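No value in this document is a laboratory result; all are computed from the given coordinates. Owing to the predicted nature of the structure, the values given are computational and were not obtained by experimental measurement. Don't worry about glycine lacking a Cβ; one is built from the backbone with ideal geometry, like all the others, and counts go over all protein chains shown.
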């Protein structure tokens, strides 16, 4: 069982890394198997297709990201507004690490797949869409806590969280295009101004 | 000469449409030639590679977009702040037209290429980066005019324009992922809050 889990996990980890460094279309099943040291027959034992692997990878990536967000970033012993700035610190750190490792800021793994695949694969599009929706939930909670504490005005927390996710994705794309994590550092704090008031959204 | 120009233009138009509807990697030279009704030898007469075609297409797309922006959107007889909202109207209209035509919101043609290719092709990355920088210029002008008229506070026009481009790109990616142009309509006007004050950027 351990070996089976290892093989499956190696395929997921390898695909995640290759897709993130390059693109979905540029990386085939054959290369994923070669890099993971797994036979092609084994791949199809675990995943009927590259798309199925990708959906499993998205499920796993979202859980990892959410756990990091809830356990390390949105920690409850700092004021809610500061937690949002910590999310930007994490974004900056992830871009900086990618650049140090590969020479390239690689953007957001979810946004990359959405941008490349949304017109071509409804299953992948719907899965990334759900990630973005799920990411809005903890942001909404933080915004509502900040508004209740008087640190932010009364706001439309749903629309504000949605606008903030859009801005985070835009910043990741800009950092990738400029190959410069500092874009997140310079422009990130402006996210706190993106407050949609009730009736505006 | 006319026929030569027509052939080259057909290749550019076909590539633009196919890349936008799908992705860069998913569309090969052979398909571009077939769809354009052009022989492969002719392609290589005009463009040494798919990348060269893409850079020429980006040059042309930027000029078309800039002309539309300056002549139809940022018209000087409406107040500067309203011009920025008109840019969002244009974004909404382009997404709606793409969806009506193909069933899919296709995002931003520049952002799509940046997201897919920035880690893999420095020439394409640098070209799209320049498009984003060039797009900041007319936005800066509008912001400075609005600040001079007292319609916006004194601001860091460079950083604000950069933040606004990031938000526009994030909105396009969200509209594409949700396959819903209304995201731009709902969340677009919040762009006017993304003002970076002097010393903040």
| task | Please report B:77, A:151 as a ranked list, fewest other C-beta atoms within 10 angstrom at the top and most at the bottom. | result | B:77, A:151
| Using a 7 Å Cα-to-Cβ projection, residue A:85 label spacings across copies, nm, ascending | 3.2
| FRET efficiency estimate (nearest 0.05) - Cβ-Cβ, residue A:2 to residue B:126, R0 45 angstrom | 0.45
| chain A: angle of helix A:80-102 to the longest principal axis, Cα-based, in degrees nearest 10 | 30
| Per residue of B:122-129, what is the mean number of Cβ atoms on other protein chains within 10 angstrom of that residue's Cβ? | 3
| task | List B:167, B:20 from most exposed to least, where exposure is judged by having the fewest other Cβ atoms within 10 Å. | result | B:20, B:167
| message | What is the angle, in °, between the Cα long axis of helix B:50-68 and the longest principal axis of the Cα atoms in chain B? Nearest 10 is fine, range 0 to 90. | response | 40
| message | Given bins 10 angstrom wide, list per bin the percent of all Cα-Cα distances in segment B:48-110, short to long. | response | 20, 38, 32, 9, 1
| If you line up the long axis of helix B:122-148 against the longest principal axis of chain B, both from Cα atoms, how many degrees apart are they, to the nearest 10? | 30
| Given Cα pairs under 8 Å that are at least 6 residues apart, what percent is the relative contact order of chain B? | 21
| query | Based on the mean of other beta carbon atoms within 10 Å per residue, what is the order of A:157-163, B:121-127, most packed first? | reply | A:157-163, B:121-127
| task | Would you please report the Å³ per residue occupied by the convex hull of the alpha carbon atoms in segment A:1-47? | result | 60
| Copies compared at residue A:71 - label distances in nm, ascending, label defined 7 Å from Cα in the Cβ direction | 5.8
| request: Tell me, for the rotation carrying A onto B, which chain A residue has the beta-carbon closest to the axis and what that distance is in whole Å. | output: A:170, 1
| request: Express in whole angstrom the spacing between the alpha-carbon centres of segment B:10-24 and segment B:133-201. | output: 28
| message | Can you tell me the length gained on complete extension of the stretch residue B:141 to residue B:68, counting 0.36 nm per residue apart and subtracting the Cα distance? | response | 24.7 nm
| message | With the label 7 angstrom out along Cα to Cβ, how close does residue B:149 come to the same site in each of the other copies, in nm, nearest first? | response | 3.9
| query | Does segment A:71-201 come out rounded, prolate or oblate by the C-alpha gyration tensor, with a ≥ b ≥ c the root eigenvalues, rounded set by a/c under 1.5 and, if not, prolate when a/b is larger than b/c and oblate if not? | reply | oblate
| remark: Averaged over the residues of B:175-184, the number of partner chain Cβ atoms within 10 Å of each residue's own Cβ comes to 5
| field | Average other protein chain Cβ within 10 Å of Cβ, residues A:65-72 | value | 0
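Stick to the Cα atoms of the protein assembly as shown, pair each with every other, and give me the Kirkwood hydrodynamic radius in Å at one decimal.
22.2
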| Net lengthening on full extension, residue B:78/residue B:30 (0.36 nm per residue, minus Cα-Cα) | 12.6 nm
